[in-house]
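Trainee: This is the structure I want to talk about, given as structure tokens.
The values are calculated or read from the model by the stated rules, or taken from the named source; none is laboratory data. Here the structure is a predicted model, which means the values were calculated and not measured. Heads up, the Cβs are rebuilt from the backbone with ideal geometry, glycines too, and the neighbour counts pull from every protein chain shown. Accessible surface is based on the protein model in full, side chains and every heavy atom, while ligands, DNA and RNA are left aside. Shrake-Rupley method; radii C 1.70, N 1.55, O 1.52, S 1.80 Å.
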Amino acid sequence: MNVDPQNHRQTKPQPTPPQAQVTRLAPSPTGALHLGNARTFLVNWALARRYGWRIVLRIEDLDGPRVKPGVIEQTIDLLSWLGIDWDEGPIVQSSDLTPYRAAMDELARAGRVYPCDLTRAQIEAAASAPQEGSHEVVFPRTLRPGFHPREFSKDDTNWRFVVEDGPVAYTDQFAGAQRFEPARTIGDFVVWTMRGQPSYQLAVVVDDARQGITQIIRGDDLLESAARQLLLYRALGLGPEPTYTHLPLVRGHDGKRLAKRHGDTRLDAYRAAGVSRERIIALLARWCGITPSPPTAPTAPLTGMSPRDFLTSLDLSRIPRSDVVFTPEDDRWLRAC
Ligand code: GLU
């Protein structure tokens, strides 16, 4: 029984509210919001609005090259143009590094991270050949210094996280049961970079936890990253762990992930060429299994779809399980309006 401190009367116990669901749109402002990430963002937005999740817009400008002026505004403008809205943000990661430093202090004091100024060449020389199909060199255990608690005092060098042996398993809402062994496939990974900034892996975990994110929807190139992120959640004692939904990527006709060589698939290039957002959403709807794709389509493909119609007709279980292929015909179809 709770006691109301105002008038000392006993109050009825309050039912615990169901956990509020929160998701995030986390574009990297690289200036290239293309059809592939537009599809992921639109699906993320549609699921959130359908199920009443709160949406945080987070600009991930820490990882990668310096962000050019105006690119953040351009990314936000394109999301809005597509019909996407959000409830909180934009929160720009680089605006305050304090939370990431606090996480590093904690990990360092617990002996879970260590500074590492080895070059890539030195690491490669000490490592065994990468496993077939992997382009990542596994950081060799022999290069890890002995365990001891430290101060996070030097922030202009790389710091690595100690990855212990054992599997990391989780159930993805789209891709199903996942099981990875980061100790075997990655080894100790970088959580703080010599640029004086957190790595993507650390920044994403600190932010997802402090922003109360419960639902993560993104491309399945990050399926394995989720295992690393779960290790950080656990090492930092954060929780509850989020629910993951990783969607297949959009690829070019050569099977490679969508890039410049497949033509200019940037949303702002289509917008500048006079392509309407409804036209683009109609293509994304085909890629999400909402409308049939030629040649199975009984009639000519829908010429346009509103964000609202996309939202109401999206069904996660109908999204094709294999990667989507963007073809030159798709490009011609978009522009033929
Ligand atoms: N910023 C990342 C991207 O644009 C997304 C990372 C994430 O969703 O965890 O690819």
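Trainee: Would you confirm whether or not segment 292-315 contains a residue that is under 20 Å from Asp220 (Cα atoms), at pLDDT 90 or above and touching a strand residue (DSSP E or B) at 6+ places or on another chain (Cβ under 8 Å)? Break it down into steps so the answer makes sense when it comes.
Mentor: Taking segment 292-315 as the starting set, the residues that turn out to be under 20 Å from Asp220 (Cα atoms) are 314-315.
Those still in the list that are at pLDDT 90 or above too: 314-315.
Okay, now just the ones that are also touching a strand residue (DSSP E or B) at 6+ places or on another chain (Cβ under 8 Å), so none.
There is no residue in segment 292-315 that is under 20 Å from Asp220 (Cα atoms), at pLDDT 90 or above and touching a strand residue (DSSP E or B) at 6+ places or on another chain (Cβ under 8 Å).
Trainee: Looking at segment 60-75 only, could you name the residues that are open to solvent by less than 70 Å² (accessible area, probe 1.4 Å) and part of a loop (DSSP other than H, G, I, E, B)? Give the derivation first.
Mentor: Within segment 60-75, the first condition is being open to solvent by less than 70 Å² (accessible area, probe 1.4 Å), and the residues that meet it are 60-62, 64, 67, 70-72, 74-75.
Within segment 60-75, Glu60, Asp61, Leu62, Gly64, Val67, Gly70 qualify.
Trainee: Do we have Ser306 as touching a Lys or Arg at 6+ places or on another chain (Cβ under 9 Å) and open to solvent by less than 60 Å² (accessible area, probe 1.4 Å) here? Give the derivation first.
Mentor: Details: touching a Lys or Arg at 6+ places or on another chain (Cβ under 9 Å): yes; open to solvent by less than 60 Å² (accessible area, probe 1.4 Å): yes.
When the stated conditions are applied, Ser306 passes them.
Trainee: Check Tyr244 against each of (1) crowded, with 18+ Cβ neighbours inside 10 Å; (2) touching a Leu at 6+ places or on another chain (Cβ under 6 Å); (3) not polar (S, T, N, Q) and name the one condition it does not meet.
Mentor: So Tyr244 meets the others, but not (2).
Trainee: Right, next: Could you list all residues from segment 204-222 that are within 13 Å of the ligand (Cβ to nearest atom), open to solvent by 40 Å² or more (accessible area, probe 1.4 Å) and touching a Pro at 6+ places or on another chain (Cβ under 8 Å)?
Mentor: The answer is Asp220, and nothing else.
Trainee: Just one of Ala227, Ala235 is more than 16 Å from the ligand (Cβ to nearest atom) and either out of contact with any Asp or Glu (no Cβ under 6 Å at 6 or more places or on another chain) or free of Cβ contacts under 8 Å to residues at least 60 places away in the same chain (or both); which is it? Explain how you work it out, then say what you get.
Mentor: Working: Ala227 fails: more than 16 Å from the ligand (Cβ to nearest atom).
Every option except Ala235 fails the conditions.
Trainee: Of the residues Val137, Val67, which is within 15 Å of the ligand (Cβ to nearest atom) and either touching a residue at least 12 places away in the same chain (Cβ under 8 Å) or more than 16 Å from Gly187 (Cα to Cα) (or both)? Full working, then the answer.
Mentor: Details: Val137 fails: within 15 Å of the ligand (Cβ to nearest atom).
That would be Val67, the only listed residue that is within 15 Å of the ligand (Cβ to nearest atom) and either touching a residue at least 12 places away in the same chain (Cβ under 8 Å) or more than 16 Å from Gly187 (Cα to Cα) (or both).
Trainee: Report, by residue number, each residue of segment 76-93 that is closer than 27 Å to Met194 by Cα and open to solvent by less than 60 Å² (accessible area, probe 1.4 Å). So that I can check it myself, show each step before the final result.
Mentor: Taking segment 76-93 as the starting set, the residues that turn out to be closer than 27 Å to Met194 by Cα are 90-93.
Selection gives Ile91, Val92, Gln93.
Trainee: When the residues of segment 21-50 are narrowed to those that are open to solvent by less than 70 Å² (accessible area, probe 1.4 Å) and in a loop (DSSP other than H, G, I, E, B), which ends up modelled with the lowest pLDDT?
Mentor: The extreme case among them is Gly31.
Trainee: Can you name every residue in segment 170-203 that is open to solvent by 40 Å² or more (accessible area, probe 1.4 Å) and of a type in the set (Gly, Ala, Ser)?
Mentor: Within segment 170-203, Ala175, Ala177 meet the criteria.
Trainee: Please verify whether Thr291 is assigned to a loop (DSSP other than H, G, I, E, B) and either open to solvent by 20 Å² or more (accessible area, probe 1.4 Å) or within 30 Å of Asp165 (Cα to Cα) (or both), treating the condition exactly as stated.
Mentor: yes
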